[in-house]
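Notes for the one structure printed next.
Here, each number is a calculation from the coordinates, and none is a lab measurement. Everything numeric here is computed off the predicted structure, so don't read it as measured data. Backbone-built Cβ (ideal geometry, glycine too); neighbour counts: all protein chains shown.
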Amino acid sequence: MSVSRPVTGLIALCLIVGACSGSGAAASAAPSEASSAPSASATAAPSASPSASPSVRPTPSPTPTPTPVPSAAAFSLDSTVWWSGYVIHVTGGTYDPLKRILKVEATFMNTATAQTEVSQVGNDLKVVWNGQFMPPSVSPGPVPVGATAAAEISLQTPKDFTVAGTVLAFGAPDEHQALVPLNGDPATSEQPTSLTVAGTLKMGKYAAFAVTKGIVIPAACIGYPDRIKYGPLKKDQVSIVLWGTATSSDPTNYAYIDQGFVLAPDATTSASNPAVSFSPPPRGTIRDLGMCFAVAAPGSGSYTLTMHESRSKASGTFKFVIP
């Protein structure tokens with residue numbers, strides 16, 4: 001009995017060791033099988049690589065349209081008026097809307113008997129637009145008798161100014177005006193009227209004045225008998241201008257003609273402006289002397305011209321008719 005108990009124990013120990021060995025082999029075999037079997041990830045079909053994202057191009061901004069810069073616009077005209085001794089021909093101009101500068105080109109022919117300065121026209125010229133009367137500047141320049149000079153009329157205009165509807169107004173509304181619309185409408189003005197007039201006034205024994213020609217003008221006279229300029233005149237008056245020759249037949253003395261005036265159809269009198277002051281030398285002559293009389297418009301009817309010589313204290317008369 002004592003022998004069998006150790007054997008039994010030995011057998012049990014061997015069984016335990018065998019079981020342990022088997023489990024170890026199984027354990028060692030499992031990894032081998034696992035390592036020899038392809039992994040799921042290895043046998044699975046390789047997944048397609050993610051496709052590259054399509055390139056996104058930004059929508060180009062539209063090319064900005066440049067804001068047009070206003071440029072000076074030219075306009076043409078062919079308008080002619082008579083005003084204060086000038087034949088004014090307006091030929092056109094330009095308007096710059098960016099700088100708001102109006103420029104008008106014109107020529108000025110001097111019909112007076114004295115040299116003038118064209119820039120002085122600016123004293124009585126207005127650019128009329130939208131109820132506004134704006135004084136422009138006129139470029140300077142002398143205009144000899146009978147000559148023509150070019151000049152530029154310029155103005156800094158108000159906001160929103162347009163050439164259309166703009167008028168050049170020479171003279172005030174209560175004066176004889178000349179109007180030149182810049183849109184090409186007809187220009188308007190009053191014109192001088194030539195007179196057919198001739199006759200001689202005798203003043204005493206020696207002095208005389210021979211009237212040789214005349215004119216009726218919608219303007220006033222300024223200056224001297226041999227150098228008369230013209231200027232604005234109220235519209236209810238006109239001027240009668242008479243030219244002639246003063247003589248003295250006295251062999252030793254000057255004559256002095258110191259007065260000249262007309263009796264008008266309405267029984268009013270008008271003295272010459274410029275004042276009469278003619279001094280022909282002994283047996284001498286002074287030609288192209290002018291007298292100017294402001295009378296009621298339109299100036300038609302019968303007139304009597306009276307002139308006086310100082311030394312002889314004598315007067316002479318001459319009658320003439322304006323149709």
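Points worth noting:
- Of the criteria (1) in contact (Cβ under 8 Å) with a residue 12 or more places away in the chain; (2) at positive phi, which one ALA267 fails: (1)
Listed here are the residues, each with its yes/no results for (1) within 16 Å of ASN253 (Cα to Cα); (2) more than 51 Å from the chain's Cα centre (by Cα); (3) exposed (fewer than 15 other Cβ atoms within 10 Å of the Cβ); (4) not β-branched (Val, Ile, Thr).
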site: ASP288; (1), (2), (3), (4): no, no, yes, yes
site: CYS292; (1), (2), (3), (4): no, no, no, yes
site: GLY301; (1), (2), (3), (4): no, no, yes, yes
site: LEU305; (1), (2), (3), (4): no, no, no, yes
site: LYS313; (1), (2), (3), (4): yes, yes, yes, yes
site: GLY316; (1), (2), (3), (4): no, yes, no, yes
site: PHE320; (1), (2), (3), (4): no, no, no, yes
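- Qualifying residue in the stretch 274-282 (condition: in contact with a Leu (Cβ under 8 Å, 6 or more places away or on another chain), within 14 Å of VAL216 (Cα to Cα) and surrounded by 14 or more Cβ atoms within 10 Å (Cβ to Cβ)): no
- Within the stretch 88-110, the set of residues being surrounded by fewer than 17 Cβ atoms within 10 Å (Cβ to Cβ) and within 23 Å of ILE215 (Cα to Cα) comprises MET109 only.
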